[in-house]
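Novice: One structure is given below, represented as structure tokens, and several questions about it will come after.
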Number of protein chains: 2
Amino acid sequence: MARSTVALRLDGLLERQWIVPAGESVSSGGRPAVAFAFNPEARIALAADLGAMHARVAVTNLAAGVLAERRTEIAIADGPEKVLGWLVDTFTELVSETGYTFDEVSGAGIGLPGPVSYATGRPVNPPIMPGWDGFDVSGWVGSRLGVRVKVDNDVNIMAIGEHWSTSPDTEHMIFVKIGTGIGSGLITEHRLHRGAQGAAGDIGHVRVPGEGADVVCPCGNSGCLEAIAGGGALAARLRESGLEARHAWDVVRHVRAAEHTAVALVRQAGREVGDVLASLVSFFNPNVIVIGGELADAGEHLLAGVRERVYSRSLPLATADLEVRVSRLGEQVGVIGAAVLVIEDALAPDTVDRSLA
Amino acid sequence: MARSTVALRLDGLLERQWIVPAGESVSSGGRPAVAFAFNPEARIALAADLGAMHARVAVTNLAAGVLAERRTEIAIADGPEKVLGWLVDTFTELVSETGYTFDEVSGAGIGLPGPVSYATGRPVNPPIMPGWDGFDVSGWVGSRLGVRVKVDNDVNIMAIGEHWSTSPDTEHMIFVKIGTGIGSGLITEHRLHRGAQGAAGDIGHVRVPGEGADVVCPCGNSGCLEAIAGGGALAARLRESGLEARHAWDVVRHVRAAEHTAVALVRQAGREVGDVLASLVSFFNPNVIVIGGELADAGEHLLAGVRERVYSRSLPLATADLEVRVSRLGEQVGVIGAAVLVIEDALAPDTVDRSLA
């Protein structure tokens, strides 16, 4: 770029406080060069991770640092207008808590517990979200808040959050969420792989080889991973053995109490997830597999089962340097990923150009 | 770029005949603009697809048009020096047949029937290539021919060839080779996905859910896709039923003769490949699955089995627009892909810059 163009753009960025002077750098002989640093406090991002029964909502700076946050029980089955109405109110409250104004909001990112068309921001036949099919989530929220809105599947935002925060140098990652259901998000060449219809990563209904082939799944097939190893299935089996368990979280509670049946169930669930992941490791050859979701809190018992099968069934070349670990962001991973959707959009050269024009 | 820089580069490209004048374009008011066209005849590419028992070697122009070609029986187990010595001789003969000289060779692309480290051009623990492990294929061939050499796995070059020639607009593709063994190559966002160790796509030893779980594979595990549905396994089962069959090709021959046992075997093999692909479709969400390799010549019988399972087991959203078809390039797909490796390298901006410097 010509020197005058650079100066003009620097002025624009400085005026909007996207960058701040960061002292003089070492002179290369001519006029002293001035260094600038990106200012993550210049704008804020709104982020939400909506699950079937609870939601986490946050306001972050442009480095995905959380400035204000709320965690609440919701019922996604209440339908889009009720849930999103609540979300709009919550975003508004949180922004005012931070002391920023809506003029300083770069956008909003929303994760939903079902398949989403990323291009249109609408859910597509989501099984556990009655009333949401085809609903214009980004339009509805965007028009009420006056900001750009990105919508994606909850596991996709988890993969984005984990990669961005903990492993930005990792080229290929599979993030597996094991909660009530099971899903995954794929990172390839540092970017989310959404696939042809945005459906990539949906491994909950992959057929598990071997054990449990006769377990019938609500989807109509049998032997689905989710029906065998999901938190809902495990809780049901604990109930059958006389323990009190309604959700994935109850399974973790029993494991932490060293309840024998629960420990054995979780380790076996890890093996079944591992059987499916073994195939995916041979096929996709990731650097890292990250296990997240509520059942990840069962920790080593789950991981041991996953590792046992992945290392015994995958191609040796593909597991030579493979890391299998739990999410380092834990429950915050989704909301951080939702913020990253906004941040990557806000810092894209096209967006910056538009904001300077 | 400045007008003078453009003029200088155009002169360089014209001098080397990379581009040729293509008549005057519509004037925009000033001096008449001159249009140039890329000249695929400016250089040639050397391409080889080496299998376990036969090889296809070609010289192509920079549009992957075949100028000279040879198909020969080889034994990859003879080791690298014998096989590559023959390859160097064959390349030399074919170049002279085309009337070009080695100064006009952009490079050589070689596909090998085993895992290859693309970065180093060396095979990594290839199971059916004794003596090749870690051999510097690109260095050995490159130093003898005086050209740049790219080496990759045979299924990867098939995926590249099919995508480049028949479906360049397809974003996500899985190319499945079903020959003696079974492997796949993945295209994502129009580019080959090699994975962390270059091992991506190696689905031959994925465990088939359901049928055949007790079939022992030479790899030491049981229930591997290749041991159940590969051409070698099918030929062995035809022999057991009294038919003469040594190779994948013999299986196809019996199918074409409408031999009942062979037709049933191939359709069942299609189902087993389909069971594995169903999981991969849910996980990867491709636009297209292409079936290649010798068994692809069994045509509709194989495809019917694949489709049956893919459509009944994959996520509906992921199969809504999924195309499942056989390779349109057939036996030439590998050698075309090997040429494309060279062409993409030769036409990369960096390479062109170097050649003009």
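Novice: Could you work out [θ]222 nm for chain B from helices alone, using -39500 (n - 2.57) per DSSP H run of at least four and dividing by all its residues? Round to the nearest 500 deg cm²/dmol.
Specialist: One gets -12500 deg cm²/dmol as the mean residue ellipticity at 222 nm.
Novice: Work out the charge dipole of region A:277-324 with +1 on the Cβ of Lys and Arg and -1 on the Cβ of Asp and Glu about the Cα centre, then indicate which of A:280, A:301, A:291 is farthest towards its positive end.
Specialist: A:280
Novice: Right, next: Projecting each Cα onto the charge dipole of chain A (Lys/Arg +1, Asp/Glu -1 at the beta carbon, about the Cα centre), which of A:92, A:245, A:209 comes out farthest on the positive side?
Specialist: Comparing the listed Cα positions along the dipole, A:209 ranks first.
Novice: In Å³ and rounded to a whole number, note down the convex hull volume per residue for the Cα atoms of the protein assembly as shown. Spell out each step's value before the answer.
Specialist: Numbers: hull volume 144.6 nm³, N = 714.
For the protein assembly as shown, the hull spanned by Cα atoms encloses 203 Å³ per residue.
Novice: Sticking with this structure for a sec: Once the label point is set 7 Å along the Cα-to-beta-carbon vector, what list of distances in nm do you get between residue A:86 and its counterparts in the other copies?
Specialist: 7.1
Novice: Looking at chain A, send over the antiparallel percent of its DSSP beta bridges, to the nearest 5.
Specialist: Of those bridges, close to 60 percent are antiparallel.
Novice: To the nearest 20 Debye, how big is the dipole of region A:169-330 about its Cα centre, given +1 on the beta carbon of each Lys and Arg and -1 on that of each Asp and Glu?
Specialist: 100
Novice: Here's another thing I want to ask about it. Report the antiparallel proportion of the DSSP beta bridges in the protein assembly as shown as a percent, rounded to a multiple of 5. Could you put the intermediate results ahead of the total?
Specialist: On the way: 60 of 100 bridges.
Looking only at bridges with both residues in the protein assembly as shown, the antiparallel portion is about 60 percent.
Novice: I'd like to compare B:301-314, B:331-344, B:80-93, B:226-239: which one has the highest average count of other Cβ atoms within 10 Å, and what's the full order after that?
Specialist: So the order, starting with the most tightly packed, is B:331-344, B:226-239, B:301-314, B:80-93.
Novice: Sort A:158, B:129, A:53 by Cβ crowding within 10 Å, fewest neighbours at the top.
Specialist: A:53, B:129, A:158
Novice: Take region A:187-331, compute every pairwise Cα distance, and split them into 5 Å bins from 0; I just need the percent in each bin.
Specialist: 2, 10, 18, 21, 21, 16, 8, 3, 1, 0
Novice: Between the label point of residue B:102 and that of the same position in each other copy, find the distances and list them shortest first in nm, with every label point placed 7 Å from Cα along the Cα-to-C-beta direction.
Specialist: 7.2
Novice: Output the peptides A:70-79, A:57-66, A:119-128 sorted from most to least packed, where packing is the average of other Cβ atoms within 10 Å over each peptide's residues.
Specialist: My ranking of the peptides, most packed first, is A:57-66, A:119-128, A:70-79.
Novice: Considering every residue in A:310-320, what mean count of other chain Cβ atoms within 10 Å of its Cβ is obtained?
Specialist: 5
Novice: Please report, in debye to the nearest 20, how large the charge dipole of chain A is about its Cα centre when each Lys and Arg carries +1 at its beta carbon and each Asp and Glu carries -1 there. Could the numbers behind the result be given before it?
Specialist: On the way: 30 positive and 43 negative charges, 66 e Å.
Computed about the Cα centre, the dipole is about 320 debye.
Novice: Averaged over every viewing direction, what's the projected area of the C-alpha convex hull for chain B? Give it in nm², one decimal, please.
Specialist: 21.1
Novice: I've got another one for you. Along the axis that rotates chain B into chain A, which residue of chain B has the nearest beta-carbon, and what is the gap in whole Å?
Specialist: B:209, 2
Novice: Residue B:82: which lysines have alpha carbons under 21 Å from its alpha carbon, excluding same-chain residues fewer than 8 sequence positions away?
Specialist: B:150
Novice: Any idea which of A:117, A:12, A:64 is furthest toward the positive side of the dipole for region A:1-159, if Lys and Arg beta-carbons carry +1 and Asp and Glu beta-carbons -1?
Specialist: A:12
Novice: Taking only complete DSSP H runs, can you tell me which helices of chain A stretch 30 Å or more along their own long axis by Cα positions and average at least -1.0 on the Kyte-Doolittle scale?
Specialist: Result, helices passing both filters: A:260-284.
Novice: State the antiparallel share, in %, of DSSP beta bridges confined to region B:168-326, rounding to the nearest 5.
Specialist: Among the beta bridges of region B:168-326, antiparallel pairing accounts for roughly 55 percent.
Novice: With charges only on Cβ, +1 for K and R and -1 for D and E, what is the dipole size of the protein assembly as shown about its Cα centre, in debye, rounded to 20? Please report the intermediate quantities before stating the final value.
Specialist: On the way: 60 positive and 86 negative charges, 20 e Å.
It works out to roughly 100 debye.
Novice: Another question, if that's okay. For residue B:4, place a label point 7 Å from Cα along the Cα-to-Cβ direction in every copy; what are the distances to the other copies, in nm, shortest first?
Specialist: Between copies, matching label points for residue B:4 lie 1.9 nm apart.
Taken together, the values in this text are just the output of simple stated rules run on the coordinates, not laboratory data. Since this is a predicted model, take the numbers as computed values, not measurements. Cβ: placed from backbone, ideal geometry, glycine included. Neighbour counts: every protein chain shown.
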